[in-house]
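Enquirer: Let me begin by handing over the structure; questions about it come next.
The values are calculated or read from the model by the stated rules, or taken from the named source; none is laboratory data. Note that the structure is predicted; figures quoted are calculated from it, not measured. A quick note on method: Cβ atoms are made from the backbone with ideal geometry, for glycine too, and the neighbour counts reach across all protein chains shown.
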Amino acid sequence: AKRTAAGPVVEFDLSMDTARLERLALERDLAQALEIGAFELAYQPQASLQDDAWTGAEALIRWRHPERGFVSPADFIPVAEETGMIHKLGAWVLHQACQDALHWPEAIKIAVNVSPLQFLSGDIVGAVHSALASSGLDPQRLELEITESAFVGENHRLSGIFDELLALGVSFALDDFGTGYSSLGYLHRFPIAKIKIDRSFVTDIPESRHSMAVLRSVVVLARGLGIRTIAEGVETASQAAVLREIGCGEVQGYLYSKPLDIVRSTELFEKGSRM
Ligand code: C2E
Ligand code: CA
Ligand code: CA
Ligand code: CA
């Protein structure tokens, strides 16, 4: 696009500027949203395949922006991570989720997504402790979802952080399992209670022999290690039937429920089992 020194070059620079300005505006709006409390949590129910009972819910953050409308967490979580705002945002999520879970029956756990950055460079122990203390939630009801990227590189503080969090009474689920740097060593070295099998392995079952093989192996491996399994993104009855047959423990996805606000999730859980 740089054939002459005139127009095209200027155009190029302008578009770069537009992207940078847009990014700066997003950062500004995000910081402001944190100040004024413009975030909400939605809760997506999780169910046991053994007895059809609801077992928990995953907290999923929502940002309703006055002009942008609904902004996806996939778009703003990375910005929050790059700017360091993730620590304050993550602490808010922990507080709100623990507070909201008090409305549900005691058998229902709350799963909270934790950014690897919160683990590696923030005071995650302090944030979890504070959320538990201020809400009074039973720590055994809180599950932290972490992705494999939290384990990348040798971080000597990591084991200590896990130990401190375990001592608080919370448990860990390994999110998006199968998509990342999957090293089976993580399952052995860190106190993972639950594996969340990524949606990409659920979407194309039972047709895909590859996904079927991965699912079967993960379930067998997890059982051998005493780790529970949950499949995410379950959308059809035939996917659920396959997962049940394979021996997957729990499910989450549109087939069972979309993410709900706190009022509707409470109504659902109070009705009891899902059938
Ligand atoms: P994730 O943790 O893998 O969450 C699952 C995503 O799949 C959610 O998207 C959920 O709404 C969506 N989903 C659930 N069931 C189905 C289904 O049956 N089919 C399909 N196609 N999708 C389904 P969402 O809410 O847009 O969140 C996107 C990502 O943003 C999450 O992926 C997570 O990585 C991140 N995220 C969300 N909330 C938080 C948070 O509070 N803190 C942090 N650090 N990250 C968050
Ligand atoms: Ca998750
Ligand atoms: Ca996931
Ligand atoms: Ca994901």
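Enquirer: Which pairs have Cβ atoms under 9 Å, sit 6 or more apart or on different chains, and link a residue in segment 61-82 that is within 18 Å of residue 118 (Cβ to Cβ) and within 13 Å of ligand 4 (Cβ to nearest atom) to one that is outside any loop (DSSP other than H, G, I, E, B) and among the basic types (Lys, Arg)?
Expert: 73/62
Enquirer: Same structure, new question: Quickly run through segment 130-159 and pick out the residues that are at pLDDT 90 or above and over 19 Å from the mean Cα position of the chain (by Cα).
Expert: Across segment 130-159, the qualifying residues are 130, 133, 134, 135, 136, 137, 138.
Enquirer: For segment 171-185, how many residues meet the condition of being touching a strand residue (DSSP E or B) at 6+ places or on another chain (Cβ under 8 Å) and either of a type in the set (A, V, I, L, M, F, W, C) or crowded, with 18+ Cβ neighbours inside 10 Å (or both)?
Expert: Count: 8.
Enquirer: Given the options 189, 223, 216, 228, name the one that is touching a Lys or Arg at 6+ places or on another chain (Cβ under 6 Å), touching a residue at least 12 places away in the same chain (Cβ under 8 Å) and more than 16 Å from ligand 1 (Cβ to nearest atom).
Expert: 228
Enquirer: Can you find even one residue in segment 138-158 that is more than 28 Å from residue 234 (Cβ to Cβ), among the hydrophobic types (A, V, I, L, M, F, W, C), away from ligand 4 (no atom under 16 Å from the Cβ) and in a helix (DSSP H, G or I)?
Expert: So far as segment 138-158 goes, yes, one or more of its residues are more than 28 Å from residue 234 (Cβ to Cβ), among the hydrophobic types (A, V, I, L, M, F, W, C), away from ligand 4 (no atom under 16 Å from the Cβ) and in a helix (DSSP H, G or I).
Enquirer: Mind counting the residues in segment 96-116 that are away from ligand 4 (no atom under 16 Å from the Cβ) and surrounded by 18 or more Cβ atoms within 10 Å (Cβ to Cβ)?
Expert: Residues meeting the conditions: 9.
Enquirer: Just checking, how many residues over segment 82-98 are within 12 Å of residue 43 (Cβ to Cβ) and in contact with a helix residue (DSSP H, G or I) (Cβ under 8 Å, 6 or more places away or on another chain)?
Expert: 1
Enquirer: Next up: For segment 216-254, what are the residues that are part of a helix (DSSP H, G or I) and within 15 Å of ligand 3 (Cβ to nearest atom)?
Expert: Result: 218, single match.
Enquirer: Please identify the pairs in which a residue from segment 150-176 that is without any contact (Cβ under 8 Å) to a residue 60 or more places away in the chain and on the phi > 0 side of the Ramachandran plot has its Cβ atom under 6 Å from the Cβ atom of a residue that is within 16 Å of ligand 3 (Cβ to nearest atom) and not hydrophobic (A, V, I, L, M, F, W, C), counting only partners at least 6 apart or on another chain.
Expert: Here the result reads 176/147; 176/198, each pair linking segment 150-176 to a residue that is within 16 Å of ligand 3 (Cβ to nearest atom) and not hydrophobic (A, V, I, L, M, F, W, C).
Enquirer: Okay, moving on. Could we say that residue 183 is away from ligand 4 (no atom under 16 Å from the Cβ) and at pLDDT below 95 here?
Expert: Yes.
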